[in-house]
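J.: Let me give you the structure first, and then I'll get to my questions.
We did not get these values from a lab; they are worked out from the coordinates using the rules stated. Computed from a prediction, not measured in an experiment: that's the story for all the values here. Cβ: placed from backbone, ideal geometry, glycine included. Neighbour counts: every protein chain shown.
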There are 2 protein chains.
Amino acid sequence: MSKLVECVPNFSEGRRPEVIEAITAEVKNIPGVKLLDVKADASHNRVVVTFVGEPQAAKQAAFNACKKAAELIDMEKQRGEHPRIGATDVIPFIPVKNMTMEECVQLADELAQEIAEKLEIPVYLYEEAAKISTRKALPDIRKGQYEGLKTEIGKPERRPDYGPARLHPSAGATVVGARQFLIAYNINLDTSDVQIAKKIANCIREAKGGYRYVRAMGVSVQVGGRDVAQVTINMVNYQGTPLFRVFETVKSEAARYGVNVIGSEIIGLTPMQALLDVAEFYLRLDGFDRKQVLEDNL
Amino acid sequence: MSKLVECVPNFSEGRRPEVIEAITAEVKNIPGVKLLDVKADASHNRVVVTFVGEPQAAKQAAFNACKKAAELIDMEKQRGEHPRIGATDVIPFIPVKNMTMEECVQLADELAQEIAEKLEIPVYLYEEAAKISTRKALPDIRKGQYEGLKTEIGKPERRPDYGPARLHPSAGATVVGARQFLIAYNINLDTSDVQIAKKIANCIREAKGGYRYVRAMGVSVQVGGRDVAQVTINMVNYQGTPLFRVFETVKSEAARYGVNVIGSEIIGLTPMQALLDVAEFYLRLDGFDRKQVLEDNL
């Protein structure tokens, strides 16, 4: 079966439609790649581009878009609310189908070298692709932003993983890496008491002793004209911490307060596998193989 | 999104590989169609061919295969254990993706007319495509088989829906129709007492007051060297009676005997939607849209 990778590059341009158009055209022009989404934000002065494709095609699309951004965005003039260090600020690869994380790391590494060599842009490797433990988190790499990095890039601890130890004169620097697909998942409670949602969020989030791959907050939302307490969750690795486990834990913790879960919602996209895992768990499926899914044989 | 239909024609040849090869070649030769499975049975003297494709392409593949079978199979000489009335015995269309049952019925009707007109084979419409209520069930149409139908086809109640009121001299008659995807689903109990499985099967099967689209039996199977009582199920319409409802009912009925469900298994293929429905049910998903599945955007 064919391999599928998602790529979500962020470019430091959210205001000039013709520049955004020129960058996304580079993605559209590569056969075997499909552009799924383009979200530009003028105040952030940033655009988030989402595409999927066969690994080598996705790498080519990412490279071409990065090259175009280096031509059209001048970091000496770029201003916006969102932290950034380069014209192409960050390029994460995400395994979608028949891809391991190791293969995504490899792909990120290849792209990083190509950008460094052919475009002479310094590149940092982050998240799963990080070679240096202090570069796992994006904010750590982006510390001081474009302006700060310009003076610090020569220091040993800030030297890029690939490319020159100086910023590209207009494109700055770029971060490339691999991470898991992030699922935005909300669970609604049959109470308006946001404190209960906050307590439950603390039970499941890693930071408070909960699940390793869960970020969560308790918030109050309007559903059908009334206040509903909601546990809003970022599932940062749905294979490491699956949806059903989080759902069952929220249900169990809510019961302590005499509160029921009235529903949950997935915001935006999810890989099929995350939902297949839910079906497998609840039906206690034995020996289920992804190839048994009819559509996967096509 | 593209429409996808499954087609599972049964041909009355399970012994001569060169004939089976010639028939399936007609399916493989149509662009937009993918051959998924070929299961021949020598004692039945029958082959079950499974393919999927875009509706018009699937219809063309079915017609071409039917034409080839009419050339190569002589019903005057054909003998086998499985009941049959023609070289191409039955052609069901099954909605898989972005297809309604009505569209499958329409497709079956078009194919039936084409076979009748171009090949001069009498055609009966069955299941969801039946125009006459007594022709819903295949065994009713096949009563007396090829030999019996030869003398009875002139009777008003046995006249075909399309084509001549006499059998084709070598190819006999054909049944065309539309039905839901059938999921073969087994649930294993933590007991060796097959009587409990039989009682539970009776709770869920339509024939005994259970769910409308469920056929079920209690059987004894070997799992890891020991006897396990199993409820073996044919889910004949997974949208009408979903997997999770059957699973939960079996769990609840088993509890009455102090028995647990140790697991379940899907045999062969299942449409993705059947498992998405399971995930939606257990996570109590609100407003989930199939388009949120990443792979469905490709």
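J.: Give the relative contact order (percent, whole number) for region A:188-236; include only Cα pairs under 8 Å separated by 6+ residues.
T.: Computed over region A:188-236, the figure is 41 percent.
J.: A further question follows. Counting other beta carbons within 10 Å of each Cβ, put B:V105, A:V194 in order, fewest first.
T.: Lowest count first: A:V194, B:V105.
J.: How big is the dipole moment of the protein assembly as shown about its Cα centre under a simple scheme where the beta carbon of each Lys and Arg is +1, that of each Asp and Glu is -1, and everything else is neutral? Debye, nearest 20, please.
T.: 860
J.: Do the alpha carbons of any pairs in A:K291/B:K143; B:K67/B:K131; B:K67/B:K150; A:K67/A:K143; A:K28/B:K3; B:K39/B:K67 sit beyond 28 Å of each other, and which pairs?
T.: In this structure, A:K291/B:K143 exceed 28 Å between Cα atoms.
J.: Normalise the Cα radius of gyration of region B:4-178 by 2.2 N^0.38 Å (N = residues in it) and let me know the number.
T.: Cα Rg divided by the expected 2.2 N^0.38 Å: 0.93.
J.: Another question about this same structure. Given region A:183-292 reduced to its alpha-carbon atoms as identical point scatterers, what log10 I(q)/I(0) does the Debye formula return at q = 0.11, 0.13 Å⁻¹?
T.: Cα-only, vacuum Debye calculation for region A:183-292: -0.35, -0.48.
J.: In terms of the ratio Rg/(2.2 N^0.38 Å) built on C-alpha atoms, what value belongs to region B:173-226?
T.: That ratio works out to 1.48.
J.: Over chain A, with a Gaussian network built from C-alpha contacts below 10 Å, which listed residue (A:R212, A:R179, A:R256) shows the highest mean-square fluctuation?
T.: A:R256
J.: Follow-up. Can you give me the orientation-averaged projected area of the convex hull built on the Cα atoms of the protein assembly as shown, in nm²?
T.: 33.1
J.: Give me the extension gain from A:R16 to A:I262: residue separation times 0.36 nm, minus the current Cα-Cα distance, reported in nm with one decimal.
T.: 84.2 nm
J.: So, one more: Just the number, please: Stokes-Einstein D of region A:124-268 in µm²/s, Kirkwood Rh from C-alpha pairs, 10 °C, 1.306 mPa s.
T.: D, rounded to a whole number, is 91 µm²/s.
J.: Compute the acute angle (0 to 90°) between the alpha-carbon long axis of helix A:243-255 and the principal axis of greatest extent of the alpha-carbon atoms of chain A; round to the nearest 10°.
T.: Helix A:243-255 and the main axis of chain A meet at about 50 degrees.
J.: When the chain is fully extended, how far beyond the present Cα-Cα distance does B:K143 get from B:S192, taking 0.36 nm per residue of separation?
T.: 13.8 nm
J.: Packing-wise, with mean Cβ within 10 Å as the measure, how do A:9-18, B:283-292, B:259-268 rank, highest first?
T.: In descending order of packing, they fall as A:9-18, B:259-268, B:283-292.
J.: Between 0 and 90 degrees, rounded to the nearest ten: what's the tilt of helix A:55-72 against the longest Cα principal axis of chain A?
T.: 60
J.: On to the next question. So how do B:K34, A:K131 line up by other beta-carbon neighbours within 10 Å, fewest first?
T.: A:K131, B:K34
J.: Hey, another quick one. Inter-copy label distances at B:E21, 7 Å along the Cα→beta-carbon direction, one decimal in nm, shortest first?
T.: Reported distances to equivalent positions: 5.7 nm.
J.: How much length would be gained if the chain were fully extended between A:V223 and A:E71, taking 0.36 nm per residue of separation minus their Cα-Cα distance, in nm to one decimal?
T.: 50.1 nm
J.: Any chance you could check the Cα centroid distance between region A:165-194 and region A:112-143 for me, in angstrom?
T.: Distance between centres, Cα-based: 16 Å.
J.: May I have the convex hull volume per residue, in Å³, for the Cα set of chain A?
T.: In chain A, the Cα convex hull volume per residue is 154 Å³.
J.: Let me ask something additional. Provide an ascending nm list, one decimal, of label-point separations from B:I132 to the equivalent residue in each further copy; define each label point as 7 Å from Cα along Cα→Cβ.
T.: The projected label point of B:I132 is separated from its counterparts by 8.2 nm.
J.: So, one more: Comparing A:K67, A:K97, A:K39, which has the greatest mean-square fluctuation in the GNM of chain A with Cα pairs linked when under 10 Å apart?
T.: It is A:K39.
J.: How far is B:T100 from itself in the other copies, in nm, if each label sits 7 Å out from Cα along the Cα-Cβ line, shortest first?
T.: Taking the point 7 Å beyond Cα along Cα→Cβ, the inter-copy spacings are 4.7 nm.
J.: According to a simple spin-label model (label point 7 Å from Cα along Cα-to-Cβ), what is the distance in nm between A:E117 and A:E81?
T.: It is 4.1 nm.
J.: Using alpha carbons only, how many angstrom separate the centre of region A:267-285 from the centre of region A:221-261?
T.: The two parts, judged by their Cα centres, are 16 Å apart.
J.: Taking only Cα atoms, what is the 0 to 90° angle, nearest 10, from helix B:272-283's long axis to the longest principal axis of chain B?
T.: 20
J.: May I pose another question? If r is the Cβ-Cβ distance from B:Q239 to B:K208 and R0 is 22 Å, what FRET efficiency results, to the nearest 0.05?
T.: 0.50
J.: In Å and from the alpha-carbon atoms only, list the Rg and Dmax of region A:1-66.
T.: 11.7, 42
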